[in-house]
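Engineer: Got a structure here, written out as structure tokens. Questions coming.
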Amino acid sequence: MPGSPSVRSAPTRVATTLLLAGFVAVPALVRAQAPRGAVAPVAAGAKLRIIAFGAHPDDCELDEAGIGAKFAAQGHAFKCVAVTNGDIGHWGTAGGPLALRRHAEAEKAARILGIESQVLDNHDGELMVTLENRKTIARLIREWKADVVISHRPNDYHPDHRYTGVLVMDAAYMVQVPFFDPDVPPLTRNPVFLFSEDRFQKPNPFSGDIVVGIDDVIDKKLAVVEAMESQFYEGGCCDLPPGGLPTDAAGKEARRKEVRDRFTKRFASTADRFRAKLDEEYGPERGAAVKYAEAFEVCEYGRQPSKEEIRHLFPFFGQ
Ligand SMILES: [Zn+2]
């Protein structure tokens, strides 16, 4: 039977024998790398490169817009990647036109924050954990030369969130393995992998290992919420306001305020939830004053940063 592993052609047998005997050169593409020793932590003052993966165009922005704006303001490189195109994320429209609209909203959010944005053309609601998708994620992390990678925890509520989390976890460690997908050079240091905040309790609740105050950029984050109007103002897939969308100016303004107030409360609730961590990081006086925050859990599969290195990777806490 053609292709049967038990029937190997003579030329293949010869090539295999020569390869095993060391007579055939290994292609340059898969040339072995020199062994690497211990990796130095990120130093204070280094220019940082952060890449954050959300399942849909709005997830990275909701979870990381604050730190994205803060990193960008300090000259660091921050990128949001939506792993699906969001093409079913609306109650009244779907498909290509919605994907284009959501791509435009992600671009607008990136301009507000001063960061980069990319939307992968996977259908919303259909993301799968495949080798192809793992390679895509690993390539993006390598090409960005990431110091820090952020994604969902794998026990999030939405299948696309869970599988984005799994795909990013599956790329952790592998991004530095030279012969995994060797057409993109491996990273010389396993990045620090983080999970963005959620409220799910099983099998274990989110741990706020790093919590960043975002009061100085809260207006930008709320502007991003407003810019992603298909999701928040219009209600996304499942939250069309009772009575439909307003058509008069007063009604539209009331709806905008309702959305703004809801997210203002949400971003404040993170600061209250992790007040003790804020006190530890900023000191009790400054920690108590933080109104809005974003929180992150350290994933065990990436490099494990010391407390000192966390302060280099998140240069926002002061002395
Ligand atoms: Zn989502």
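The values are calculated or read from the model by the stated rules, or taken from the named source; none is laboratory data. Keep in mind it's a predicted model, so treat the numbers as computed, not measured. Cβ atoms come from the backbone with ideal geometry, glycine included; neighbour counts cover every protein chain shown.
Engineer: Give me the pairs: first residue in the range 284-300 and within 15 Å of Phe263 (Cα to Cα), second residue assigned to a strand (DSSP E or B) and polar (S, T, N, Q), beta-carbon distance under 9 Å, and six or more apart or on different chains, which are they?
Structural biologist: Filtered contacts from the range 284-300: Glu294/Ser196.
Engineer: Return the residue satisfying two criteria in turn: it lies in the range 53-89 and is more than 13 Å from the ligand (Cβ to nearest atom) and of a type in the set (Gly, Ala, Ser), and of such residues it is farthest from Glu229 (Cα to Cα).
Structural biologist: Checking each candidate, the answer is Gly75.
Engineer: Answer yes if at least one residue in the range 48-55 is more than 28 Å from Glu309 (Cα to Cα), surrounded by 13 or more Cβ atoms within 10 Å (Cβ to Cβ), β-branched (Val, Ile, Thr) and at pLDDT 95 or above, and no otherwise.
Structural biologist: no
Engineer: Looking at this structure, is Phe316 hydrophobic (A, V, I, L, M, F, W, C), surrounded by fewer than 21 Cβ atoms within 10 Å (Cβ to Cβ) and either assigned to a helix (DSSP H, G or I) or out of contact with any Phe, Trp or Tyr (no Cβ under 6 Å at 6 or more places or on another chain) (or both)?
Structural biologist: The answer is yes for Phe316.
Engineer: Within the range 278-294, does at least one residue satisfy the condition of being of a type in the set (Lys, Arg) and buried (at least 16 other Cβ atoms within 10 Å of the Cβ)? Steps first, please.
Structural biologist: Just the residues of the range 278-294 that are of a type in the set (Lys, Arg), to begin with: 286, 291.
Narrowing the set further to residues that are buried (at least 16 other Cβ atoms within 10 Å of the Cβ) leaves none.
Checked against the condition, which is being of a type in the set (Lys, Arg) and buried (at least 16 other Cβ atoms within 10 Å of the Cβ), the range 278-294 yields no hits at all.
Engineer: Let me ask something else. Which one of Ala138, Ala146 is assigned to a loop (DSSP other than H, G, I, E, B) and buried (at least 23 other Cβ atoms within 10 Å of the Cβ)?
Structural biologist: Being assigned to a loop (DSSP other than H, G, I, E, B) and buried (at least 23 other Cβ atoms within 10 Å of the Cβ) holds for just one of Ala138, Ala146, which is Ala146.
Engineer: Could you check Thr130 against (1) more than 14 Å from the chain's Cα centre (by Cα); (2) among the β-branched types (Val, Ile, Thr); (3) surrounded by 17 or more Cβ atoms within 10 Å (Cβ to Cβ) and say which number it fails?
Structural biologist: All conditions pass for Thr130, except number (3).
Engineer: Collect the residues in the range 225-244 that are farther than 15 Å from Asp87 by Cα and loosely packed, with under 14 Cβ neighbours inside 10 Å, keeping them in residue-number order.
Structural biologist: Within the range 225-244, Asp239, Pro242, Gly243, Gly244 qualify.
Engineer: Can Val212 be described as touching a helix residue (DSSP H, G or I) at 6+ places or on another chain (Cβ under 8 Å), within 23 Å of Gly165 (Cα to Cα) and either at pLDDT below 95 or surrounded by 14 or more Cβ atoms within 10 Å (Cβ to Cβ) (or both)?
Structural biologist: Details: touching a helix residue (DSSP H, G or I) at 6+ places or on another chain (Cβ under 8 Å): yes; within 23 Å of Gly165 (Cα to Cα): yes; either at pLDDT below 95 or surrounded by 14 or more Cβ atoms within 10 Å (Cβ to Cβ) (or both): yes.
Against the criterion (touching a helix residue (DSSP H, G or I) at 6+ places or on another chain (Cβ under 8 Å), within 23 Å of Gly165 (Cα to Cα) and either at pLDDT below 95 or surrounded by 14 or more Cβ atoms within 10 Å (Cβ to Cβ) (or both)), Val212 qualifies.
Engineer: Would a scan of the range 149-164 turn up a residue that is part of a helix (DSSP H, G or I) and either among the small types (Gly, Ala, Ser) or more than 15 Å from the ligand (Cβ to nearest atom) (or both)?
Structural biologist: Scanning the range 149-164 turns up no residue that is part of a helix (DSSP H, G or I) and either among the small types (Gly, Ala, Ser) or more than 15 Å from the ligand (Cβ to nearest atom) (or both).
Engineer: What number of residues within the range 166-184 are closer than 11 Å to Cys299 by Cβ and part of a loop (DSSP other than H, G, I, E, B)?
Structural biologist: Selection size over the range 166-184: 2.
Engineer: Tell me which residues, restricted to the range 221-230, are part of a helix (DSSP H, G or I) and of a type in the set (A, V, I, L, M). Outline the logic, then answer.
Structural biologist: Taking the range 221-230 first, the residues part of a helix (DSSP H, G or I) are 221-227.
Selection gives Leu222, Ala223, Val224, Val225, Ala227.
Engineer: Give me the residue from the range 208-220 that is more than 17 Å from the chain's Cα centre (by Cα) and outside any helix (DSSP H, G or I) and, out of that set, nearest to Gly283 (Cα to Cα).
Structural biologist: Among those that are more than 17 Å from the chain's Cα centre (by Cα) and outside any helix (DSSP H, G or I), it is Gly213.
Engineer: Residues in the range 79-88: is at least one in a loop (DSSP other than H, G, I, E, B), over 21 Å from Asp156 (Cβ atoms) and either at pLDDT 95 or above or under 17 Å from the mean Cα position of the chain (by Cα) (or both)?
Structural biologist: no
Engineer: Based on what the data block shows, is Ala271 farther than 26 Å from Ala55 by Cα, assigned to a helix (DSSP H, G or I) and not charged (D, E, K, R)?
Structural biologist: Considered against the rule, which asks whether it is farther than 26 Å from Ala55 by Cα, assigned to a helix (DSSP H, G or I) and not charged (D, E, K, R), Ala271 comes out as no.
Engineer: Quick one: would you say Glu105 is touching a helix residue (DSSP H, G or I) at 6+ places or on another chain (Cβ under 7 Å) and either in contact (Cβ under 8 Å) with a residue 60 or more places away in the chain or more than 16 Å from the ligand (Cβ to nearest atom) (or both)? If you could, list the steps in order and put the result at the bottom.
Structural biologist: Working: touching a helix residue (DSSP H, G or I) at 6+ places or on another chain (Cβ under 7 Å): yes; either in contact (Cβ under 8 Å) with a residue 60 or more places away in the chain or more than 16 Å from the ligand (Cβ to nearest atom) (or both): yes.
Yes; evaluated as a whole, the condition is true for this residue.
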